[in-house]
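The values are calculated or read from the model by the stated rules, or taken from the named source; none is laboratory data. Keep in mind that what you see is a predicted model, and the values were worked out from it rather than measured. So basically every Cβ, Gly included, is an ideal-geometry build from the backbone, and we count neighbours across all protein chains shown. Accessible surface areas use protein heavy atoms only, side chains included; no ligands, DNA or RNA. Shrake-Rupley method; radii C 1.70, N 1.55, O 1.52, S 1.80 Å.
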Amino acid sequence: MRGETPVGLTEGLEALAEADTIIVPGFEDYRRPTHPRVMAAPELAGRAGIRIAAICTGAFAGASAGLLSTSVST
């Protein structure tokens, strides 16, 4: 995998509640709808004040969760 860094999970979505920072990686098909349970996790984290960072097309997931309309983003 030249130029790619694999991303994996070691915990379930419920572990996000204890995170200091959540990083949403880019993904290949950003137009495909994301599972509602996955979309709810960053939204809840955002309301809890947990920092969320998105890489590349991961920003589309944040936008779909409504994070970009209610908080400061750069």
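Quick notes
- If only residues of the stretch 17-32 that are at pLDDT 80 or above and hydrophobic (A, V, I, L, M, F, W, C) are counted, the one that is nearest to Ser64 (Cα to Cα) is Val24.
- Listed conditions (1) surrounded by 12 or more Cβ atoms within 10 Å (Cβ to Cβ); (2) modelled with pLDDT of 80 or more are all met by Ala41, apart from (2).
- Among the residues of the stretch 44-74, those identified as of a type in the set (Val, Ile, Thr) and either modelled with pLDDT under 75 or open to solvent by less than 30 Å² (accessible area, probe 1.4 Å) (or both) are Ile50, Thr57, Thr70, Val72, Thr74.
- Near pairs, Cβ below 7 angstrom, 6+ apart or cross-chain, from the stretch 1-17 (open to solvent by less than 90 Å² (accessible area, probe 1.4 Å)) to any residue that is modelled with pLDDT of 80 or more and not in a helix (DSSP H, G or I): Leu16/Ile22
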